[in-house]
1. Any residue in the stretch 128-156 that's closer than 16 Å to Leu44 by Cβ: show its pairings with residues that are aliphatic (A, V, I, L, M) at Cβ separation under 6 Å, as long as the two are six or more apart or on different chains.
2. Restricting attention to the stretch 108-142, which residues are more than 23 Å from Ala77 (Cβ to Cβ) and either open to solvent by less than 10 Å² (accessible area, probe 1.4 Å) or not polar (S, T, N, Q) (or both)?
3. In this structure, does Val105 turn out to be surrounded by 17 or more Cβ atoms within 10 Å (Cβ to Cβ), of a type in the set (Val, Ile, Thr) and at pLDDT 95 or above?
4. Just to be sure before I move on: is Ser82 open to solvent by 20 Å² or more (accessible area, probe 1.4 Å) and within 18 Å of Val137 (Cβ to Cβ) in the structure I sent?
5. Can we say Lys29 is within 16 Å of the chain's Cα centre (by Cα), at pLDDT 95 or above and under 17 Å from Phe111 (Cβ atoms)?
6. Restricting attention to the stretch 196-221, report how many residues are farther than 12 Å from Tyr32 by Cα, open to solvent by less than 20 Å² (accessible area, probe 1.4 Å) and either in contact (Cβ under 8 Å) with a residue 40 or more places away in the chain or under 17 Å from the mean Cα position of the chain (by Cα) (or both).
7. Just to be sure, is Ser109 part of a strand (DSSP E or B) and over 16 Å from the mean Cα position of the chain (by Cα)?
8. Checking Ser167 against (1) under 26 Å from Gln58 (Cβ atoms); (2) of a type in the set (S, T, N, Q); (3) crowded, with 18+ Cβ neighbours inside 10 Å, only one condition comes out false. Which one?
Amino acid sequence: MKKIFLLTNILLISTSSFAFADNYYVSAKLAYSDQKAKNMDTSLRPGIGQFVAGDDKQHKTTPTIALGYDYKNNWRAEVEYSFDKKYEYTSGSTTFPTSLNHHKVKTQSVFVNAYRDVEVYKNVAVFGSVGLGVAKVKSSGWQGVETRQYGSNTDTNLAYSVGAGVSYRPIKEVNIDLGYRYVDLGKVESGLNNFVNARGLQDEQMKAHLEKNEFYIGARYNF
């Protein structure tokens, strides 16, 4: 993850090394995220009847930081890092209704984002955004009681985002952004069960597809 962050920074800087320094900006966002674990019914838990959905949504507030470049032609590009956050989802079965799977995930990501700004009034603009990046997700968890642990696994996925928002510039060096974006973090899975199940086998595994809706407020400072 550190190597990816360094590489994207180098690419961003090198593509604009010919330009003026005041085109650069730093930004910070605070995002309220509604993250959902889809497709948990694809988890491996044979011989336990029918899948029963549990808590498949979590709400978190996540900070991000970014280094960006304004091309002064209504286009911007930035490298953004989203700090790690922990989530926990549950699911069950009809055969063992009180023995829930607890799928614990920790996510962090690096994105390269592109923005198109359209000024609609003096110092006010609307924008659209697209992003492509890498999400690192660590999965673990337990079943029924915490001593019945699943193995840990880390997935590194290609991720993407699309969004829109509005920006206000109260002074020359500062922009305030309000926005929304949809983020797809890809498929994740835990390790196999480390506990002894009814079949005496290591044949159980938790799976999900993570996506989230984010509403954020941010500030950009232009050098």
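1. Matching pairs, first to second residue: Ser139/Val105; Ser139/Val188; Gly141/Met206; Gly151/Leu192; Asp155/Val137; Asp155/Val188.
2. Within the stretch 108-142, the first condition is being more than 23 Å from Ala77 (Cβ to Cβ), and the residues that meet it are 121-122, 137-142.
Within the stretch 108-142, Tyr121, Lys122, Val137, Lys138, Ser139, Gly141, Trp142 qualify.
3. Values: surrounded by 17 or more Cβ atoms within 10 Å (Cβ to Cβ): yes; of a type in the set (Val, Ile, Thr): yes; at pLDDT 95 or above: yes.
So Val105 fits the description; yes.
4. Working: open to solvent by 20 Å² or more (accessible area, probe 1.4 Å): no; within 18 Å of Val137 (Cβ to Cβ): yes.
Judged against the criteria, Ser82 is not a match.
5. Values: within 16 Å of the chain's Cα centre (by Cα): yes; at pLDDT 95 or above: yes; under 17 Å from Phe111 (Cβ atoms): yes.
Yes.
6. Residues of the stretch 196-221 that are farther than 12 Å from Tyr32 by Cα, as a first pass: 196-211, 219-221.
Restricting the remaining residues to those that are open to solvent by less than 20 Å² (accessible area, probe 1.4 Å) gives 197, 204, 206, 208, 210, 220.
Filter once more, so that each one left must be either in contact (Cβ under 8 Å) with a residue 40 or more places away in the chain or under 17 Å from the mean Cα position of the chain (by Cα) (or both): 204, 206, 208, 210, 220.
Matching residues across the stretch 196-221 total 5.
7. Working: part of a strand (DSSP E or B): yes; over 16 Å from the mean Cα position of the chain (by Cα): no.
For Ser109, the condition - part of a strand (DSSP E or B) and over 16 Å from the mean Cα position of the chain (by Cα) - is not met.
8. The single condition Ser167 does not satisfy is (1).
The values are calculated or read from the model by the stated rules, or taken from the named source; none is laboratory data. All figures in this text were calculated on a predicted structure; none of them were measured in a lab. Backbone-built Cβ (ideal geometry, glycine too); neighbour counts: all protein chains shown. We work out accessible area using only protein heavy atoms, side chains counted, and drop any ligands, DNA or RNA first. Shrake-Rupley method; radii C 1.70, N 1.55, O 1.52, S 1.80 Å.
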